[in-house]
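Enquirer: Let me begin by handing over the structure; questions about it come next.
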Amino acid sequence: MADVLQKIATNLYQAKTDAVAELVQEALDAGMAPGEVLNGALLAGMDEVGRDFKAGDLYVPEVLAAARAMQAGMDVLRPLLADSDIVSSGKYVLGTVKGDLHDIGKNLVRMMLEGGGFEVIDLGTDVEPSAFVEAVREHKPDLVGMSALLTTTMTQMKVTIEALEKAGLRNSVKIMVGGAPVTAAFAEEISADAYAHDAARAVDVARWLMG
Ligand code: B12
């Protein structure tokens, strides 16, 4: 069983998109839980990619190719994660902040939230503060989630909160922030309502915020 997880991680690292999708299906057919495949194979493989990118052993095109392979695996898992919980828990507007193109973590948060019964409106990446404001006005969500992976873009979270305040919408939503450089202390500093370290915890925190 653990063997197939290792195989998926290795194929992900090598950006073998089709093999990743096939092996994820194989793992599920063998009775593994979607969460186990997500954490033990896809996230583990992406972690290794991240480490080697940081060390300069991998370059941007290779990381992008691995990210595509991860998405292929996530496409197989997605319907199962979405079906794994039933109760409709609330409406959630989610996006990666202005200037930031990283969306793998944000997409994972979306998948897990959908799995937790939330209706998610995904605004994508590089989302202007005004686009968050418009989405809140239009969809009237219970929660807003912002993702940032760069220390240079996490400041946009504060700008977005200020834009919501200015539009008179701040108190109509609970705001959650996340992404590798974001911390609970930063969330408090910018007056967000909560921080979550990963996608699984994002669901717990979202439920907690919904009361
Ligand atoms: C993949 C990747 C890319 C891909 C992105 C592909 C894509 N579609 O997302 C590409 C190649 C495009 C890229 C580009 C760049 N990248 Co990049 N990238 C990464 C890498 C290797 C992995 C990120 C990732 O996907 N991790 C896996 C996911 C699952 O983790 P995560 O995003 O942290 O998400 C989890 C939690 O944080 C949380 N979470 C995330 N969002 C949210 C939101 C909410 C609301 C909540 C509650 C929780 C939550 O839950 C998630 C799941 O558990 C990281 C290194 C790393 N290991 O982090 C660098 C990294 C983030 N990149 C970095 C840099 C510098 C860049 C570039 C500037 C490089 C360049 N010179 O061009 C550009 C910037 C482009 C831009 N404008 O955004 C730096 C950032 C440094 C910093 N401190 O600011 C890093 C840390 C690498 C490094 N060590 O140098 N990158």
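Enquirer: Give the angle, between 0 and 90 degrees and rounded to the nearest 10, that separates the Cα long axis of helix 199-209 from the longest principal axis of the Cα atoms of the chain.
Expert: 30 degrees
Enquirer: Okay, next question. For the stretch 1-66, what D do you get in µm² per second when you plug the Kirkwood radius from alpha-carbon pairs into Stokes-Einstein at 37 °C and 0.692 mPa s?
Expert: The diffusion coefficient I find is 278 µm²/s.
Enquirer: While we're looking at this one, here's another question. Using the C-alpha atoms of the chain, what convex hull volume per residue, in cubic angstrom, is computed?
Expert: 113 Å³
Enquirer: What does the charge add up to near Arg68, with Lys and Arg as +1, Asp and Glu as -1, over the other residues with Cβ less than 14 Å from its Cβ? Kindly include the intermediate steps, with their values, before the conclusion.
Expert: On the way: positive: Lys16; negative: Asp18, Glu62, Asp75, Asp103.
My count for the surroundings of Arg68 gives -3.
Enquirer: Which net charge results for the neighbourhood of Lys16, defined as the other residues with beta-carbon distances under 11 angstrom from its beta-carbon, given Lys and Arg at +1 and Asp and Glu at -1?
Expert: Value of the local net charge: 0.
Enquirer: Val177's amide H: which non-local residues (gap 5+, or another chain) put their own amide H closer than 5 Å, with H modeled 1.01 Å from N in plane and none for Pro or chain starts?
Expert: Under 5 Å from the amide H of Val177: Met146, Ala194, Tyr195, Ala196.
Enquirer: With every atom except the alpha carbons ignored, what do you get for Rg and Dmax of the stretch 94-174, in angstroms?
Expert: 11.9, 33
Enquirer: Hey, another quick one. Which pairs break 26 Å Cα to Cα here: Lys98/Lys174; Lys91/Lys166; Lys54/Lys174?
Expert: Cα-Cα > 26 Å for Lys54/Lys174; rest within.
Enquirer: Highest first, please rank the peptides 75-81, 153-159 by the mean number of other Cβ atoms sitting within 10 Å of their residues.
Expert: Highest mean packing first, the order is 153-159, 75-81.
Enquirer: Using only Cα atoms, tell me the angle between helix 155-166 and the longest principal axis of the chain; keep it within 0 to 90° and round to the nearest 10.
Expert: Here the helix axis deviates by roughly 40 degrees.
Enquirer: Moving on to the next point. For the stretch 131-202, compute the orientation-averaged projected area of the C-alpha convex hull (one quarter of its surface), in nm².
Expert: Value for the stretch 131-202: 4.5 nm².
Enquirer: Highest mean first, how do 161-167, 143-149 rank when packing is the count of other Cβ atoms within 10 Å averaged over residues? Working shown, then result.
Expert: Details: 161-167: 16.3, 143-149: 27.6.
Those peptides, ordered most packed to least, come out 143-149, 161-167.
Enquirer: Can I ask one more? What's the ranking of 188-198, 25-35 by average number of surrounding C-beta atoms within 10 Å, highest first?
Expert: Listed from highest to lowest mean packing, they are 188-198, 25-35.
Enquirer: Okay, moving on. Would you work out if the stretch 1-122 is rounded, prolate or oblate? Take a ≥ b ≥ c from the square roots of the eigenvalues of the alpha-carbon gyration tensor; rounded if a/c is under 1.5, else prolate when a/b is larger than b/c, oblate otherwise. Intermediate results must be reported in sequence, preceding the final value.
Expert: Numbers: a/c = 2.47, a/b = 1.18, b/c = 2.10.
It comes out oblate by the Cα gyration axes.
Enquirer: About its Cα centre, how strong a charge dipole does the stretch 1-95 have in debye, to the nearest 20, once Lys and Arg get +1 and Asp and Glu get -1 at the Cβ?
Expert: On the way: 7 positive and 14 negative charges, 68 e Å.
About 320 debye.
Enquirer: So who's got an amide H within less than 5 Å of the one on Val127, skipping anything under 5 residues away but keeping other chains? H placed 1.01 Å off N, in plane.
Expert: When sequence neighbours closer than 5 places are left aside, the close amide H contacts are Thr96, Val97, Lys98, Gly99, Asp100.
Enquirer: Using only C-alpha positions, report the orientation-averaged shadow area of the convex hull of the stretch 99-140, nm², one decimal.
Expert: The directionally averaged projection comes out at 3.0 nm².
Enquirer: Using a 7 Å offset from the Cα along the Cα-to-Cβ direction at both Lys140 and Arg170, what is the distance between the two label points in nm, to one decimal?
Expert: 2.3 nm
Bear in mind these aren't lab numbers, they're just calculated from the coordinates by the rules spelled out. Values in this document were obtained by computation on a predicted structure and should not be read as measured data. Cβ atoms come from the backbone with ideal geometry, glycine included; neighbour counts cover every protein chain shown.
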